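The block underneath contains the structure these notes are about, expressed in structure tokens.
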Amino acid sequence: MTPRVAHLVAAFFASLTAASGAAAQGAAPLAPLAPSRTYMALVASESVDRVAVIEFGPQGAKVVRQHDVGVMLADPDGPHGLAVAPDGAHYYVSTAHGTPYGVLWKFDARTNAYAGQVMLGNFPATAQVTPDGRLVVVVNFNLHGDMVASDVSVVRTDSLQEIARITTCAMPHGSRVNSRGTRHYSVCMMDEQLVEIDLDGLQVSRHFLLTKGMERGMEGAPPARGAADAAHAGHDMSGHGLAQPAAGSTTCSPTWAQPSADDRTVWVACNGTSDLVEIDVASWTMRRRVPAGNGVYNLAATRDGTKLVATNKRGQSVGIIDAKTGATLATLPTQRRVVHGVVITPDDRYAFVTVEGVGSEPGTVEIIDLAALKTVARVEVGQQAGGIDLLPLR
């Protein structure tokens with residue numbers, strides 16, 4: 001055996017040993033592969049009143065079409081929330097900057113044709129369609145005036161009739177419905193609360209105090225708080241989740257609520273303390289706090305219940321967290337600043353993340369392979385990319 005052959009044989013057996021060791025530890029992520037199917041995402045860009053349709057498949061990622069949303073020519077309408085119906089036939093966009101109120105728009109998902117609209121409250125933001133496709137639930141974020149209690153709109157998808165406007169708390173955000181469509185969860189960025197709405201009774205059923213060291217679940221709606229209370233609570237009063245909190249602050253400043261796939265728990269992103277609170281739904285008590293990235297903002301959970309994906313607004317990164325152990329599996333930096341929304345493909349393979357950008361920078365959608373734990377594609381869209389959702393797989 002020549003020295004060169006001996007070297008190659010040794011290298012081969014060394015690679016086998018390394019691979020078997022990694023497999024035994026279960027720590028080696030898979031190498032990223034080009035997708036064998038095509039995924040379609042819809043992205044709202046707030047500064048340019050535009051929705052882009054992104055295609056990600058074997059040939060990579062690209063914008064395949066886009067269209068404008070809104071009617072105000074001199075000032076952006078501000079498309080913020082975006083929600084696709086479960087059957088993929090329609091999607092809904094909330095525009096936040098209406099005069100005096102915002103609007104929920106309905107579009108045909110195949111043609112982008114206008115299909116109707118309804119006026120909601122001040123600054124309608126995060127939106128989601130219930131699993132049965134009957135309702136759209138939209139939080140009225142209300143950035144205007146005093147930090148008083150705002151509300152959540154419930155809209156029928158067929159008639160676009162607002163059937164309820166449920167008062168919750170100051171600056172509701174992070175709106176998500178559980179998998180059965182029976183409960184809606186949102187957080188109050190200025191009131192330290194998680195709020196649960198009974199969608200059958202169309203009323204607040206419970207709330208949960210999220211301040212570190214004071215965590216407690218309670219029945220009924222949260223108590224009303226005035227602007228002075230919020231102003232002295234250490235919150236980011238801009239409502240954008242970018243302000244660095246004071247050292248040692250216990251203020252959660254919650255920005256997102258994410259039910260687990262089995263509806264047993266709700267995860268809350270505490271933007272102020274840069275951690276996650278896991279709440280047991282049955283007992284309405286806190287299970288644990290889990291460290292997260294700097295300024296954790298939005299969350300998405302895989303359908304198999306194994307991972308959480310968190311956008312870190314101040315940290316310019318995305319965290320991938322083991323839902324069982326709470327360990328951070330990877331922290332992936334983003335190309336641009338102000339990381340915003342995240343959705344996960346129905347097969348749990350990829351996460352699509354929106355990044356707003358700063359100033360004249362375009363918005364970006366970054367696509368993460370959740371098996372390889374790597375960013376595998378980026379697409380530029382309109383400025384201030386925020387709301388995002390996926391069309392069903394075909």
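The values are calculated or read from the model by the stated rules, or taken from the named source; none is laboratory data. Computed from a predicted structure; not experimentally measured. Note that we place each Cβ from the backbone using ideal geometry, even for glycine, and neighbour counts take in every protein chain shown.
Table for the structure above
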| quantity | calculated |
| --- | --- |
| Any strands (runs of 3 or more DSSP E) falling wholly within the range 169-213 and containing at least 1 residues that are under 17 Å from the mean Cα position of the chain (by Cα) and modelled with pLDDT under 95 | 172-177, 183-188 |
| Flag for LYS313 being charged (D, E, K, R) and either on the phi > 0 side of the Ramachandran plot or touching a Phe, Trp or Tyr at 6+ places or on another chain (Cβ under 6 Å) (or both) | yes |
| Search result, residues across the range 260-277 that are under 13 Å from TYR185 (Cα atoms), crowded, with 17+ Cβ neighbours inside 10 Å and not polar (S, T, N, Q) | VAL266, TRP267, VAL268, ALA269 |
| Residues (within 16 Å of the chain's Cα centre (by Cα), among the charged types (D, E, K, R) and crowded, with 16+ Cβ neighbours inside 10 Å) located in the range 283-329 | LYS307, LYS313, ARG314 |
| Residue count for the range 177-211, restricted to those that are surrounded by fewer than 17 Cβ atoms within 10 Å (Cβ to Cβ) and touching a Ser or Thr at 6+ places or on another chain (Cβ under 6 Å) | 1 |
| Conditions (1) assigned to a strand (DSSP E or B); (2) at pLDDT below 90; number of the one not met by PRO32 | (1) |
| Matching residues, the range 343-373, being free of Cβ contacts under 8 Å to residues at least 60 places away in the same chain, surrounded by 23 or more Cβ atoms within 10 Å (Cβ to Cβ) and among the hydrophobic types (A, V, I, L, M, F, W, C) | ALA351, VAL353, VAL355, ILE368 |
| The range 93-102, residues that are within 17 Å of VAL43 (Cα to Cα) and either without any contact (Cβ under 8 Å) to a residue 60 or more places away in the chain or assigned to a loop (DSSP other than H, G, I, E, B) (or both) | THR95, ALA96 |
| Evaluation of PRO245 against (1) at pLDDT below 95; (2) part of a strand (DSSP E or B) (one fails), failing number | (2) |
| Some residue of the range 218-225 being on the phi < 0 side of the Ramachandran plot and modelled with pLDDT of 95 or more | yes |
| Residue among VAL137, VAL152 that alone is within 21 Å of the chain's Cα centre (by Cα), crowded, with 21+ Cβ neighbours inside 10 Å and within 30 Å of VAL64 (Cβ to Cβ) | VAL137 |
| Number of the exception - ASP347 against (1) touching a strand residue (DSSP E or B) at 6+ places or on another chain (Cβ under 6 Å); (2) more than 19 Å from GLN128 (Cα to Cα) | (1) |
| Residue list for the range 95-109, filter: surrounded by 20 or more Cβ atoms within 10 Å (Cβ to Cβ) and aromatic (Phe, Trp, Tyr) | TRP105, PHE107 |
| Residue match in the range 116-123 (condition: under 23 Å from the mean Cα position of the chain (by Cα) and either closer than 20 Å to VAL343 by Cβ or of a type in the set (Gly, Ala, Ser) (or both)) | yes |
| Test: residue in the range 322-334 that is within 29 Å of MET147 (Cα to Cα), of a type in the set (S, T, N, Q), free of Cβ contacts under 8 Å to residues at least 40 places away in the same chain and part of a loop (DSSP other than H, G, I, E, B) | no |
| Every residue from the range 274-303 that is assigned to a loop (DSSP other than H, G, I, E, B) and within 15 Å of GLY174 (Cβ to Cβ) | ALA292, GLY295 |
| Test result for SER150, hydroxyl-bearing (Ser, Thr, Tyr), touching a Pro at 6+ places or on another chain (Cβ under 7 Å), farther than 28 Å from ASP262 by Cβ and in contact (Cβ under 8 Å) with a residue 40 or more places away in the chain | no |
| Counted residues, the range 248-273 - those being within 17 Å of LYS324 (Cβ to Cβ) and assigned to a loop (DSSP other than H, G, I, E, B) | 5 |
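Residues are listed down the side, and each one gets a yes or a no for (1) closer than 18 Å to VAL154 by Cβ; (2) of a type in the set (Gly, Ala, Ser); (3) in contact (Cβ under 8 Å) with a residue 24 or more places away in the chain:
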position: ASP75; (1), (2), (3): no, no, no
position: PRO86; (1), (2), (3): yes, no, yes
position: ASP108; (1), (2), (3): no, no, no
position: ASN112; (1), (2), (3): no, no, yes
position: GLY116; (1), (2), (3): yes, yes, yes
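Residues are listed down the side, and each one gets a yes or a no for (1) among the aromatic types (Phe, Trp, Tyr); (2) at pLDDT below 95; (3) part of a strand (DSSP E or B); (4) closer than 30 Å to PRO223 by Cα:
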residue: HIS67; (1), (2), (3), (4): no, yes, yes, no
residue: ASP75; (1), (2), (3), (4): no, yes, no, no
residue: HIS80; (1), (2), (3), (4): no, yes, yes, yes
residue: ASN112; (1), (2), (3), (4): no, yes, no, no
residue: VAL118; (1), (2), (3), (4): no, no, yes, yes
residue: ASN122; (1), (2), (3), (4): no, yes, no, yes
residue: THR126; (1), (2), (3), (4): no, no, yes, yes
residue: MET147; (1), (2), (3), (4): no, yes, no, yes
residue: SER159; (1), (2), (3), (4): no, no, no, no
